[in-house]
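To start, the structure under review is shown below, and the notes come after it.
The values are calculated or read from the model by the stated rules, or taken from the named source; none is laboratory data. Bear in mind the structure is a predicted one, so any value in this text is a computation, not a measurement. Every residue, glycine among them, receives a Cβ derived from its backbone with ideal geometry; neighbour counts consider all protein chains shown. Areas reflect the complete protein model, heavy atoms only, side chains present, ligands, DNA and RNA absent. Shrake-Rupley method; radii C 1.70, N 1.55, O 1.52, S 1.80 Å.
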Amino acid sequence: MKKYLCLGCGFSYDEALGLPEHGVAAGTRWADIPGDWVCPDCGTPKAGFEMVEIPYYSEARPA
Amino acid sequence: MSVRFILRAGERGYSYLPAAGLNASYVAGHPDGVITRHSSFNFHEYQSGIPGLGVMKVFGDEVFTPNGTGYNMHPHHNFIIMAFVASGALTHINTIGKIDELLADDYYVFSAGSGGKHSELNIGKEDMQAIYVWALPGQLLAPPSYRRGHFDRAAGANRITCLVGDEPGALPIGQTFKVSRLLSDADGHHVYRSSKAHGVYAFVLEGDVVIAEATLTRRDSIALEGEDKVEIKVRTDGTDLLLVETRL
């Protein structure tokens with residue numbers, strides 16, 4: 001399961017979580033999202049997203 | 001040391017964004033207002049060119065004309081957005097609840113984190129010039145934050161001053177990332193200490209410098225990697241240089 005970041009605004013898509021509020025079920029692979037899908041916040045095309053390996057703040061453990 | 005790229009002023013991406021017409025909802029201000037933006041980095045189908053350096057994705061050299069020109073309130077997540085004001089007055093408004101005015105040598109760090117909106121406006125009577133830098137965060141969906149800093153010209157003259165990063169007096173951003181400034185009014189030689197594992201991007205705001213045997217003039221820039229120091233020869237009076245260090 002991977003995460004993708006919109007380079008237009010920073011909106012993040014997480015395959016594990018999907019975007020149920022936008023009709024994308026949890027577990028939906030990035031490759032299975034239609035090519036004409038755009039960032040729900042800023043309209044950047046799907047191709048303007050980049051795969052990132054950045055942990056969530058909520059996952060960070062205290063040092 | 002290896003040079004990753006040299007980017008001359010005129011080779012940068014260019015956007016001309018009038019406040020009227022198709023951009024009217026995005027660009028604020030009087031219908032005659034305009035934002036001009038020279039972009040060092042370009043990504044995907046937005047533009048073609050250099051995709052950034054390390055965690056730095058945007059380095060924009062922007063001018064907002066007066067009478068309210070700027071960006072209307074718009075959303076972000078995650079990105080750490082920085083503005084370094086060179087001249088004029090920038091009004092920054094964000095959904096953390098901050099309304100701020102930044103003048104020359106002021107800068108801010110807005111970490112959009114779990115979500116925030118901001119507006120950037122020039123409500124003054126002169127052009128506003130600023131450098132906008134975006135960095136990827138160290139963590140996703142962190143609590144949004146806003147902090148401001150100021151570069152002190154007297155204390156910072158003829159030395160390299162860290163503005164953003166984990167250094168005393170600088171604004172930390174929770175990322176392996178630093179922005180420093182060298183403002184010089186004399187010929188001289190300066191050394192920027194970095195990590196060999198990092199990349200360094202040097203952008204000439206004003207003046208004339210030599211880095212890695214390349215002569216760089218106003219708005220030229222260079223990216224280096226694989227060295228623990230960057231030697232900077234300042235060749236004319238009034239040199240103003242921004243240095244960005246990022247993990248690669």
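Look at B:Tyr26 and say whether it is in contact with a His (Cβ under 9 Å, 6 or more places away or on another chain) and within 14 Å of another protein chain (Cβ to nearest Cβ). Can you show your working first?
Numbers: in contact with a His (Cβ under 9 Å, 6 or more places away or on another chain): yes; within 14 Å of another protein chain (Cβ to nearest Cβ): yes.
Spelling it out, B:Tyr26 is indeed in contact with a His (Cβ under 9 Å, 6 or more places away or on another chain) and within 14 Å of another protein chain (Cβ to nearest Cβ).
Assuming A:Val52 fulfils every condition listed in (1) open to solvent by 50 Å² or more (accessible area, probe 1.4 Å); (2) closer than 21 Å to B:Gly174 by Cα apart from one, which condition is it?
Condition (1) is where A:Val52 drops out.
Considering only residues that are assigned to a loop (DSSP other than H, G, I, E, B) and either hydroxyl-bearing (Ser, Thr, Tyr) or free of Cβ contacts under 8 Å to residues at least 12 places away in the same chain (or both), which ones fall in the stretch B:170-228?
Result: B:Pro172, B:Thr176, B:Ser194, B:Ser195, B:Glu213.
If you go through the stretch A:26-54 one residue at a time, how many are touching a residue at least 40 places away in the same chain (Cβ under 8 Å), assigned to a loop (DSSP other than H, G, I, E, B) and among the acidic types (Asp, Glu)?
1
Under 9 Å between Cβ atoms, at least 6 apart or on separate chains: pull out the pairs that start in the stretch A:2-19 with a residue that is farther than 13 Å from A:Trp30 by Cα and within 11 Å of another protein chain (Cβ to nearest Cβ) and end on any residue that is open to solvent by less than 10 Å² (accessible area, probe 1.4 Å) and of a type in the set (Ser, Thr, Tyr).
Once the first residue is farther than 13 Å from A:Trp30 by Cα and within 11 Å of another protein chain (Cβ to nearest Cβ) and sits in the stretch A:2-19, its partners that are open to solvent by less than 10 Å² (accessible area, probe 1.4 Å) and of a type in the set (Ser, Thr, Tyr) give A:Leu7/A:Thr44; A:Gly8/A:Thr44; A:Cys9/A:Thr44; A:Phe11/A:Thr44.
Among the residues of the stretch B:138-169, what is the count of those that are more than 14 Å from chain A (Cβ to nearest Cβ), in a strand (DSSP E or B) and over 21 Å from B:Ile232 (Cβ atoms)? Spell out how you get there, then give the answer.
If we filter the stretch B:138-169 for residues that are more than 14 Å from chain A (Cβ to nearest Cβ), which is where we start, we get B:146-165, B:167-169.
Subsequent filtering for residues that are in a strand (DSSP E or B) retains B:146-150, B:157, B:160-164.
Filter once more, keeping what is over 21 Å from B:Ile232 (Cβ atoms): B:146-150.
Number of matching residues: 5.
Which count do you get for residues in the stretch B:220-239 that are under 14 Å from the mean Cα position of the chain (by Cα) and surrounded by fewer than 18 Cβ atoms within 10 Å (Cβ to Cβ)?
Of the residues in the stretch B:220-239, 0 are under 14 Å from the mean Cα position of the chain (by Cα) and surrounded by fewer than 18 Cβ atoms within 10 Å (Cβ to Cβ).
Return a yes/no flag: does the stretch B:198-211 have any residue that is at pLDDT below 95, open to solvent by 50 Å² or more (accessible area, probe 1.4 Å) and out of contact with any helix residue (DSSP H, G or I) (no Cβ under 8 Å at 6 or more places or on another chain).
Checked against the condition, which is being at pLDDT below 95, open to solvent by 50 Å² or more (accessible area, probe 1.4 Å) and out of contact with any helix residue (DSSP H, G or I) (no Cβ under 8 Å at 6 or more places or on another chain), the stretch B:198-211 yields no hits at all.
For residues that are surrounded by 22 or more Cβ atoms within 10 Å (Cβ to Cβ) and among the hydrophobic types (A, V, I, L, M, F, W, C), scanning just the stretch B:87-112, find the one that is nearest to the other protein chains (Cβ to nearest Cβ).
B:Ala112
For the stretch B:108-135, which residues satisfy the criterion of being without any contact (Cβ under 8 Å) to a residue 60 or more places away in the chain and either closer than 19 Å to B:Pro172 by Cβ or of a type in the set (S, T, N, Q) (or both)?
Restricting attention to the stretch B:108-135, the residues satisfying the condition of being without any contact (Cβ under 8 Å) to a residue 60 or more places away in the chain are B:108, B:110, B:112-118, B:120, B:123-125.
Passing the criteria: B:Tyr108, B:Phe110, B:Ala112, B:Gly113, B:Ser114, B:Gly116.
Could you look through the stretch B:139-148, keep only residues that are crowded, with 19+ Cβ neighbours inside 10 Å and not aromatic (Phe, Trp, Tyr), and pick out the one that is farthest from A:Tyr4 (Cα to Cα)?
B:Pro144
Residues checked against (1) open to solvent by 50 Å² or more (accessible area, probe 1.4 Å); (2) more than 12 Å from chain B (Cβ to nearest Cβ); (3) under 22 Å from B:Gly174 (Cβ atoms); (4) in contact with a strand residue (DSSP E or B) (Cβ under 9 Å, 6 or more places away or on another chain):
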| position | (1), (2), (3), (4) |
| --- | --- |
| A:Ala25 | yes, yes, no, yes |
| A:Pro34 | yes, yes, no, no |
| A:Thr44 | no, no, no, yes |
| A:Gly48 | no, no, no, yes |
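Give the residue that is nearest to B:Gly33 (Cα to Cα), with candidates limited to residues of the stretch B:66-83 that are away from chain A (no Cβ under 14 Å) and open to solvent by less than 20 Å² (accessible area, probe 1.4 Å).
B:Thr69
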